[in-house]
1. Which residue is modelled with the lowest pLDDT, if the candidates are limited to the stretch B:279-321 and must be among the hydrophobic types (A, V, I, L, M, F, W, C) and part of a loop (DSSP other than H, G, I, E, B)?
2. Name the single residue, out of those in the stretch B:194-233 being surrounded by 24 or more Cβ atoms within 10 Å (Cβ to Cβ) and among the aromatic types (Phe, Trp, Tyr), that is farthest from the other protein chains (Cβ to nearest Cβ).
3. Looking at this structure, is residue A:57 within 30 Å of residue A:454 (Cα to Cα), facing chain B (nearest Cβ under 10 Å), in a loop (DSSP other than H, G, I, E, B) and in contact (Cβ under 8 Å) with a residue 24 or more places away in the chain?
4. So which of A:296, A:275, A:338 ends up being modelled with pLDDT under 90 and of a type outside the set (Gly, Ala, Ser)?
5. Need the failing condition index for residue B:116 against (1) surrounded by fewer than 16 Cβ atoms within 10 Å (Cβ to Cβ); (2) over 20 Å from the mean Cα position of the chain (by Cα), just the number.
6. Would you mind telling me which numbered condition in (1) touching a residue at least 40 places away in the same chain (Cβ under 8 Å); (2) closer than 23 Å to residue B:104 by Cβ; (3) within 14 Å of chain A (Cβ to nearest Cβ) residue B:160 fails?
7. Only residues that are buried (at least 16 other Cβ atoms within 10 Å of the Cβ) and either polar (S, T, N, Q) or touching a Gly at 6+ places or on another chain (Cβ under 6 Å) (or both): list them for the stretch A:61-77, please.
8. Any residue at all in the stretch A:449-471 that is surrounded by fewer than 24 Cβ atoms within 10 Å (Cβ to Cβ), in contact (Cβ under 8 Å) with a residue 12 or more places away in the chain, among the hydrophobic types (A, V, I, L, M, F, W, C) and more than 30 Å from residue A:17 (Cα to Cα)?
Amino acid sequence: MTTVPPLLAARGVSKAFFGNPVLRGVSIALQPGRVHALLGENGAGKSTLINLLSGALRPDSGEIEVDGRAVPRMTPALARQAGIAVVQQELSLTASLSIAENIGLGAYPKRFGLIDYNELASRAKAACALVGLNEPLSTPVGRLALGRRQMVEIAKALYRKPRVLILDEPTSSLSATETKILTDLLERLRAEGIAILYISHRLNEVMALCQHVTVLKDGTCTADRSLAGTDAAGLVRLMVGRDPGDLFPKWRPSASSANAISVRGFSAGLMRDVDLDIRAGEVLGIGGLVGQGQEDLLLGLYGAIPARMASATVNGTSGLPGGVPKANALGLAYVPADRKREGLHLIHPILTNMMLPAFARLPALRLRSRRAEHETGKSLAAQLAIKGDLGRPAQALSGGNQQKVALAKWMPHDPLVLLLNDPTRGVDVETKREIYLMLRAFADAGKAVVLLSSDTPELVHLCDRVAVVREGRITATLDRAALSEEAIVSAAMGAEKQKVAA
Amino acid sequence: MSIIRSAKSAGALYWPVQAHRNIGVRALFLVVLAFLVAYGVLFPGLFTASGFGKFTQSWFPLALVAMAQAILMLTGGISLAIGATVSLGAVIAATTMAGPLGVAGGAAAVALAGLGIGAATGFIVVKLRLPAIVVTLAGSFIIGGAALLILPRPGGAIPAWLSDLLAGDTPAAFLILVVIVLLWKLYLATPLGLSLYAAGENPVGAYRSGVPVDAARVAAYAISGLLSTSAGLFVAAQTGSGDPVIGTAFTLNSIAAAVLGGIGFLGGQGTMRGALAGSLLLSLMISVMFFLGFTPVAQYVAQGLIIIGAVAIPQFRKVQQ
């Protein structure tokens, strides 16, 4: 039993966005002198919980407590006063200001109403020394590499002498040396009695550094326990392990031996040296933690961003398309993740949205045939079960139906390869089921479906093979037989190195 | 918490920070210097006391509006009402200074009008979250209309001694500009002033860090208004009377000068010293081209091409990296 009240705690907090529950009755208690790990898959509610703890959001129900006393209206200002510092995933730095000016931002020492640069320099220097930043304090932050900026961000939190330090994936952009400095520092801060909440996807770091763990899954707390006596595999099981139910169509082999796309030594954006074969008639999953370069892989294949490669073959033509119109001509189609901004033109009618790829293919100055468009639109709507008047703006549709429109617009061109970027994100369960059925049907019809997904169960239950991307490389290609949520999450987090030959 | 404590000596910080801010504008300073030399050769009178005075007087109002525009662009905003505000400042000066309010009262009226209009614009843009370009476009009609209401046709008067002091054979304009630059440095040394950069470039991050983002932006609009009406006062002193549309050209010239000076449209990019150098460059370009006998049409075309070039060069460098 602990007799000291936690420095910061949430008691049964719930939060919903637009009626969509993100957190349900979650409790967490940050004790002084303890490094507390917060684990969970993408979308489990970790960021929302941090925002509640730091006052950026207010819970719908439940309470935030500081020193054992409930704070009814937590705000960022109150959180700062209570000594809570958050190192966010997105940086809060200003590129044109110097390191010191960034560290002191919002809490400058003053003399006669002016910033006391001498005092700022000595305090910023102390904070920098802790994180091993030895660049001159006057260096503009814009000239630092991403990892160094992350260190400035941490120094900024330390400058405020926090009692509670919340770090949201602090090591994702750090080098091994910088990570070592940080973990040593956190160890020292812990010994000083600071409460630390540590969010990371790197399980070995968590195992080495933390004493206590809270695991979130789909907005509920599935574990709140000491880390002693737990292993990485056990943590992974706590994070995944849900019942897929009958959401997914029955899998049966449909892959042919012919390659739709084959690339060697492919690099685009964050992706480096990828060798990948995509077979006709298969659903190839692309998994991994968010932002490891998966999107660049799809965009590079599609020719939407520049790519380099040793060799490539697309549907029998050698070389990558290198541009979107050429990619379309080769039978490639891409459905973006952000349907509101990239996939659809929301204020325009559903029919116009469906016709856009056709507009790109028609001779620029030929008159449009409204009737033919309407016929095509109606048959697409029937085929994909899109409900509603086609003349209404696309924004009137639900998220799931919008996604179907984003998919439908490519159907008249009968693409051979479908590149899908997280097509079921924010889509209701029923539409998910419909989309899954469609994807399997495409594969059965001999098309290649590349499914980038942040939803691990759908990778496991829908795909023939899954390529797991980590830090810009495909670190594992899992065959149907080897597919499991544990295997994907392990490969995504680098918990074990494995390569099942494809 | 003993490990988080102040280090004994950290060395000077303020001046190295300033030195880093110079890096981005070094090339611009060289170009300005080259134009100054060219101008000096074409027009040797520049290096006499009265020639220098005249030159700074022709530059002064553009310098002020460039600062007025730059401070807004640093916060991520922009103003299309600067020209109208200059006109308003000019007509207020021309209708009050020769009357019972006197020069001091008239100057106070000009300053209050600028601060008030700026603060009101800023409040609308910041608190109602409306786009600055639309609010200031509408504002330009309202403010321009107000100027025409006060003085429907050119007229009014500025006391002769004031015209002589500001626009006569004196270095007053240059000295005032020096004072304004020093006041700006002082403002940028306050927490609110420096917050401009954070509020412009990364408002969410700045807010999370405890920066009064809204206050910093409204203050910027108020200062911008003050600089604009002050420029109007000076223009009225130059001509000795008020003209309700005299400021119109300053709206686009202020943007041109700020852009030449390396101020970005996305907020938080650029420096005031750059904007001042940009206004000086624009002023010099106009004078040099005039001296070289460019027709007005050719001047405008050349001016436009130079501005596009000035924006494109850094962009090319970025792409190459």
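The values are calculated or read from the model by the stated rules, or taken from the named source; none is laboratory data. If you're wondering where the values come from, they're calculated on a predicted model, not measured in any experiment. All Cβ positions, even for glycine, are placed from backbone atoms using ideal geometry, and neighbour counts span all protein chains on display.
1. B:292
2. Ranking the candidates gives B:221 first.
3. For residue A:57, the condition - within 30 Å of residue A:454 (Cα to Cα), facing chain B (nearest Cβ under 10 Å), in a loop (DSSP other than H, G, I, E, B) and in contact (Cβ under 8 Å) with a residue 24 or more places away in the chain - is not met.
4. Matching residue, one of A:296, A:275, A:338: A:338.
5. Going through (1) surrounded by fewer than 16 Cβ atoms within 10 Å (Cβ to Cβ); (2) over 20 Å from the mean Cα position of the chain (by Cα) one by one, residue B:116 breaks only (2).
6. In the conditions (1) touching a residue at least 40 places away in the same chain (Cβ under 8 Å); (2) closer than 23 Å to residue B:104 by Cβ; (3) within 14 Å of chain A (Cβ to nearest Cβ), residue B:160 misses (3) alone.
7. Selection gives A:62, A:74, A:76.
8. No; the residues of the stretch A:449-471 include none that is surrounded by fewer than 24 Cβ atoms within 10 Å (Cβ to Cβ), in contact (Cβ under 8 Å) with a residue 12 or more places away in the chain, among the hydrophobic types (A, V, I, L, M, F, W, C) and more than 30 Å from residue A:17 (Cα to Cα).
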